[in-house]
């Protein structure tokens with residue numbers, strides 16, 4: 001016998017009941033108790049320690065078993081298995097920002113995401129693992145365009161060619177911005193007047209450079225960021241079969257120094273010489289996650305070898321660059337500080353935009369940063385709204401057609 005289909009009003013009632021329960025249970029912190037604590041401990045142990053033993057976290061819970069000198073969770077594993085994908089993802093994100101997930105701020109973030117993100121497509125995840133199948137149909141970057149020649153830089157070189165060469169000036173470091181006289185002074189002694197100034201300088205540096213808005217300088221130390229180490233490795237031979245279809249791979253594990261590895265030669269056949277292929281690793285650095293500058297390249301190559309990606313004898317080149325400003329890290333109270341700073345800068349004719357000019361991680365991709373510049377110009381000339389800067393990324397395609 002087939003049960004009758006619920007009426008539309010009944011389905012609506014069930015949906016409202018679900019939301020009434022889901023929203024408060026996902027929003028509020030649920031780690032205040034042994035039952036919840038042991039499951040969070042189990043997640044930390046599996047992802048960060050690669051073990052089911054909760055020895056490092058057993059003090060937060062009494063729901064544990066002590067067997068042969070080790071502590072274990074005494075709860076059924078189903079809830080932990082369901083939460084595991086979202087927990088691993090948030091640990092990776094914290095690794096990207098240089099946050100230690102075992103410290104208190106990281107612990108609170110990961111426990112919340114593990115709760116909210118537990119409603120995932122577990123059957124699909126398990127099926128992909130069992131079949132060793134790439135699931136590439138989800139996410140905003142499941143397909144993307146990339147230059148055939150010249151790498152990522154070719155995109156911006158093409159944009160530069162659209163601009164009048166006489167108006168492009170480089171290597172003119174800024175020493176001071178006088179907001180009262182609306183004048184820029186360079187370290188070479190030049191003085192440049194402006195009506196409106198669009199700055200992509202990191203906002204913390206900008207605030208220490210401007211004169212006339214001294215009350216904003218106190219905010220500069222509050223801006224949080226992580227640094228990035230980019231390590232490139234060139235290899236002889238063909239790309240291994242296991243990496244032949246991969247673009248980038250995420251690594252939440254603390255034993256691996258990088259949070260992301262990219263098979264850069266897969267983007268274009270011209271990204272590596274004939275008979276060679278390449279890998280790129282991104283390593284985050286912060287006060288909570290220091291990096292040994294002289295050792296990081298070797299650590300990356302060793303990790304590639306441990307992961308089974310490379311044979312060290314095939315390594316033919318290494319490349320390394322450190323970027324002081326890698327990722328703008330969100331922090332509690334950020335929006336209030338940005339609101340005060342933006343209002344004062346705008347009154348002085350300054351528009352701080354771009355990845356670190358806006359200091360908004362959520363709209364700091366390359367395409368977002370470009371559109372922030374386009375829309376800032378439109379605001380200056382026509383009074384148009386800046387949608388991307390204010391978080392409305394639905395303007396991406398509409399604005400792109402205006403270029």
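Using only Cα positions of the range 318-361, each an equal point scatterer, no hydration layer, compute I(q)/I(0) via Debye at q = 0.30 Å⁻¹ and quote the log10 values to two decimals.
With no solvent term, the Cα-only Debye profile gives -1.11.
Mind grabbing the base-10 log of I(q)/I(0) for the range 238-298 at q = 0.15, 0.19, 0.24 Å⁻¹? Debye formula, identical points on the C-alpha positions, no solvent, two decimal places.
Normalising to I(0) and taking log10 leaves -0.55, -0.78, -1.01.
Can you put 297, 91, 38 in order of Cβ neighbours within 10 angstrom, beginning with the fewest?
The fewest-first ordering by Cβ neighbours comes to 297, 38, 91.
Fewest Cβ neighbours within 10 Å first, please rank 321, 334 accordingly.
The fewest-first ordering by Cβ neighbours comes to 321, 334.
Can you give the convex hull volume of the alpha carbon atoms of the range 155-268 per residue, in Å³?
Cα-based convex hull of the range 155-268, divided per residue, equals 197 Å³.
Report the semi-axes of the equivalent ellipsoid for the range 295-403 in whole Å, largest first, where each axis is √(5λ) for an eigenvalue λ of the Cα gyration tensor.
Result for the range 295-403: semi-axes of 39, 18, 12 Å.
Above 20 angstrom, tally the Cα pairs of the range 225-328 and express them as a % of all pairs, no decimals. List each step's numbers first, then the result.
Numbers: 1880 of 5356 pairs.
Everything past 20 Å amounts to 35 percent.
Return 84, 293, 213 ranked ascending by Cβ neighbour count within 10 Å, so the fewest neighbours appear first.
293, 213, 84
Please give the Cα centre distance for the range 331-372 versus the range 78-95, rounded to the nearest Å.
About 30 Å separates the Cα centre of the range 331-372 from the one of the range 78-95.
Across the range 130-203, how large is the tail of the calculated P(r) beyond 20 Å, expressed as a percent of all Cα pairs?
60
Where a number appears in this text, it was derived from the coordinates with a stated rule and is not lab data. Computed from a prediction, not measured in an experiment: that's the story for all the values here. Glycine gets a Cβ as well: all are built from the backbone with ideal geometry, and neighbour counts include every protein chain shown.
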